[in-house]
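Working notes, beginning with the structure itself.
The values are calculated or read from the model by the stated rules, or taken from the named source; none is laboratory data. What you see is a predicted model, and the numbers here were worked out from it, not measured in a lab. Ideal geometry is used to build each Cβ from the backbone, glycine not excepted, and the neighbour counts take in all protein chains shown. Side chains included, ligands, DNA and RNA excluded: accessible areas come from the protein's heavy atoms. Shrake-Rupley method; radii C 1.70, N 1.55, O 1.52, S 1.80 Å.
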Amino acid sequence: MKLSFRGRTALILGGGSDMGLALTALLREEGVTVIPTHVSEAGRAAVARRFPELASPRLDLGERDFAGLAPILDAGVDYLVDLAQGDLEGLAAAAGDEAEGYLEAHISGRLRLLRAATRSMLPRRFGRLVFVSSTAAALPAPGQAFYGAAKRAAEGLYQSLGLELGARGVTSVSLRLGLVDAGRGKRFLDECDRRQNLGGKVVSLEQAASTLLFLLSDQALALTCTTITMDAGLTAQKYL
């Protein structure tokens, strides 16, 4: 099946991640202009190594001002892929200010960014919002309280925006991923060689990036205001 893309510009939050870099490559093959953001120096360096010709603006959801993205949003963005997520482990051990800051960034900060991005989409009556969620939104493991809560809240934001703006051409979908052999998932799998115990229930980086590419395509636009799970069957059974 040949995919088609009505839009021309994609903004990828967390573009310096393994998944962000893989998706950037796929979108560029389709002729889409890609703007991968970063939050850390490591992310900026990763983009520069893989795509030295691309500018990578810094984006931190915890900052109240997204002025660095203003010229990009003013020029118009058609696709937003949200891979942005920080780390905060352990509900009981988290300090109050740290916990509040994490939730402020990943819920309120994300909402501020989504408002700015959709304002860029509405004049052209087209926009596609894709949020990369996690099975932890429904089944968090110990230590994933903030991560799972932030993912679940963000799914709600994306669904609601799709409902409210669908008649004006903006659609949304969330993809709940299980264990992905990239980034934090790869680090988890590498510890104690956990792959041997998972019976193949691991999503490859190529599978995840290719699915995101499809969800951005014209052929997937009817998948809106919903959440899709892609976890290689990991959560379909009670015990491994």
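Taken together, the criteria place residue 10 among residues that are among the hydrophobic types (A, V, I, L, M, F, W, C), in contact with a Phe, Trp or Tyr (Cβ under 6 Å, 6 or more places away or on another chain) and under 25 Å from residue 169 (Cα atoms).
The residues of the range 133-150 that are under 21 Å from residue 208 (Cβ atoms) and surrounded by 18 or more Cβ atoms within 10 Å (Cβ to Cβ), listed by number, are 133, 134, 135, 136, 137, 140, 144, 147, 148, 150. Determine, yes or no, whether residue 16 is at pLDDT 95 or above, farther than 22 Å from residue 106 by Cβ and open to solvent by less than 40 Å² (accessible area, probe 1.4 Å). No.
Within the range 151-168, which residues are over 14 Å from residue 114 (Cβ atoms) and open to solvent by less than 20 Å² (accessible area, probe 1.4 Å)? So that I can check it myself, show each step before the final result.
To start, the set of residues in the range 151-168 that are over 14 Å from residue 114 (Cβ atoms) comprises 151-152, 166-168.
151, the sole residue that qualifies.
Number of residues in the range 21-39 that are open to solvent by 20 Å² or more (accessible area, probe 1.4 Å) and of a type in the set (Ser, Thr, Tyr): the value is 1.
When the residues of the range 197-219 are filtered to those that are part of a helix (DSSP H, G or I) and aliphatic (A, V, I, L, M), the one that is surrounded by the most Cβ atoms within 10 Å (Cβ to Cβ) is 216. Of a type in the set (A, V, I, L, M), in a helix (DSSP H, G or I), over 18 Å from residue 212 (Cβ atoms) and open to solvent by 40 Å² or more (accessible area, probe 1.4 Å): does that describe residue 42? Yes; evaluated as a whole, the condition is true for this residue. Any residue in the range 62-85 that is in a loop (DSSP other than H, G, I, E, B), open to solvent by less than 30 Å² (accessible area, probe 1.4 Å) and at positive phi? Checking the range 62-85: at least one residue is in a loop (DSSP other than H, G, I, E, B), open to solvent by less than 30 Å² (accessible area, probe 1.4 Å) and at positive phi. For the subset of the range 113-131 comprising residues that are open to solvent by 10 Å² or more (accessible area, probe 1.4 Å) and among the hydrophobic types (A, V, I, L, M, F, W, C), which member is nearest to residue 74 (Cα to Cα)? For the range 113-131, the residue satisfying everything is 116.
Answer with yes or no whether residue 54 is open to solvent by 20 Å² or more (accessible area, probe 1.4 Å), in a loop (DSSP other than H, G, I, E, B) and modelled with pLDDT of 95 or more. Criteria met by residue 54. Quick one: in the range 189-215, of everything that is free of Cβ contacts under 8 Å to residues at least 24 places away in the same chain and within 30 Å of residue 28 (Cα to Cα), which residue is farthest from the chain's Cα centre (by Cα)? Result: 189.
I'd like to check something: does the range 37-44 contain any residue that is touching a Ser or Thr at 6+ places or on another chain (Cβ under 6 Å) and charged (D, E, K, R)? Yes, the range 37-44 contains a residue that is touching a Ser or Thr at 6+ places or on another chain (Cβ under 6 Å) and charged (D, E, K, R). Selection of first residues in the range 220-233 that are part of a loop (DSSP other than H, G, I, E, B) and of second residues that are surrounded by 15 or more Cβ atoms within 10 Å (Cβ to Cβ) and among the β-branched types (Val, Ile, Thr), restricted to Cβ pairs under 7 Å at least 6 apart or on distinct chains, gives the following pairs, ordered by first then second residue: 221/171; 223/173; 224/171; 224/173; 231/135; 231/203; 232/202; 232/203.
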